[in-house]
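Shown next, in structure tokens, is the structure this report addresses.
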Amino acid sequence: MRILFPALLGMTLAAVGCSSSSENPGPSDEPVIERGPKTIEVDGDPNGLWWDAESATLYMADDENNRVLRYRDGEGISKVADLPTAPANGPGLGALARLSDGTLVVVRFGGGTAGDVVYVRPDGTSAIIPNLPPERRRIGITVTDDGQLLDGYFVRNNNVNVGSVARLTLEGTEQEVVGALQKPVGVLAVGDTLFISDQLAGKVYRSPLSAPSQLVPFATLSSPDLLAVGPNDTLLTGSRDGTVLSIRQTGEVSVLAGGFQQPHGLAYDAKNKRLFIADHDGTPEDGTNHTLRIIPLE
């Protein structure tokens, strides 16, 4: 695997945004596929990303405006739905997942007092999953091949993080299946395996979905963020130093691309060999500039 533009690593944001490449258009009714490198300004703050290959749609959890957005080639960014009213300390949107019927499920952090999980039906209506403990600070969520939802959260007891991953239902149950974590951020089901990134521990763990509590260390890295499937059976995650990291099945970690602000959510389009990055601006005092980045991979 190699980057199509090796000079990207260390490039400035402005330099990356000044050019892009697209595939040749097909029939007149098909959009041009934008493979980048391209920077798209977002009227909001995208965090969790979800690529739906069947509809060729990228879904984005917009933390700034408590809503779900989507990106489609030829259409740009548009709103899918507003989410139920957010807590007073902000929505704190984390990851999102899409069920087989098209329902989108989004976790909300809540700052230890108002955490919850919301969903958006295909008709655009949204609701809060009932009866979930509000003290749980949720960041990651995934859906298994058989349609089960798993979410990650932590609580703070006497200033000590206690983290878990739970099996979640839209009816309002959240049953712990993995404990003894510190700050689970990324939660990702791939086939029969569960991957969890623990940001405070600096680890990515894996376990069989049939026995999720049987965690073993998979990779060691600094402050891993949300997880995504990458090319050639790799995992991808962002780092606070502005890089996107690739993790091979051996657990070997390498820098895939750099020059970003704070890459949060990632999503890989395998058909068109491109990566979407929710690039968060962590220095709003200089003028907020949250963006969606698209880079080509092969």
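Values in this text are rule-based calculations from the coordinates and carry no lab data. Just so it is clear, the structure is predicted and the values come from calculations on it, not from any experiment. Methodologically, a virtual Cβ is constructed for each residue, glycine included, from the backbone with ideal geometry; neighbour enumeration extends over all protein chains shown.
Residues that are of a type outside the set (Val, Ile, Thr) and farther than 26 Å from residue 276 by Cβ within segment 85-109 comprise 87, 88, 89, listed in sequence order. For residue 140, the criteria (1) surrounded by fewer than 16 Cβ atoms within 10 Å (Cβ to Cβ); (2) farther than 28 Å from residue 31 by Cα; (3) among the small types (Gly, Ala, Ser) hold in every case but one, which is (1).
Considering segment 202-229 alone, what residues qualify as being in a loop (DSSP other than H, G, I, E, B) and either surrounded by fewer than 17 Cβ atoms within 10 Å (Cβ to Cβ) or in contact with a Gly (Cβ under 9 Å, 6 or more places away or on another chain) (or both)?
In the first step, residues of segment 202-229 are kept if they are in a loop (DSSP other than H, G, I, E, B); the result is 202, 209-215, 221-226.
Answer for segment 202-229, where residues must be in a loop (DSSP other than H, G, I, E, B) and either surrounded by fewer than 17 Cβ atoms within 10 Å (Cβ to Cβ) or in contact with a Gly (Cβ under 9 Å, 6 or more places away or on another chain) (or both): 202, 209, 210, 211, 213, 214, 221, 222, 223, 224, 225, 226.
Note on segment 140-179: residues that are out of contact with any Leu (no Cβ under 9 Å at 6 or more places or on another chain), of a type outside the set (Val, Ile, Thr) and in a strand (DSSP E or B) amount to 5.
Residue 86: assigned to a strand (DSSP E or B), surrounded by 14 or more Cβ atoms within 10 Å (Cβ to Cβ) and out of contact with any helix residue (DSSP H, G or I) (no Cβ under 8 Å at 6 or more places or on another chain), yes or no? Answer is no for this residue.
Please count how many residues of segment 40-57 are touching an Asp or Glu at 6+ places or on another chain (Cβ under 8 Å) and not small (Gly, Ala, Ser). So the count comes out to 5. Examine segment 96-103 for a residue that is in contact with an Asp or Glu (Cβ under 8 Å, 6 or more places away or on another chain), more than 29 Å from residue 38 (Cα to Cα) and surrounded by 16 or more Cβ atoms within 10 Å (Cβ to Cβ), and state whether such a residue exists. No - not one qualifying residue is present in segment 96-103.
Could you please let me know if residue 279 is in a strand (DSSP E or B), surrounded by 15 or more Cβ atoms within 10 Å (Cβ to Cβ) and of a type in the set (Asp, Glu)? The answer is yes for residue 279.
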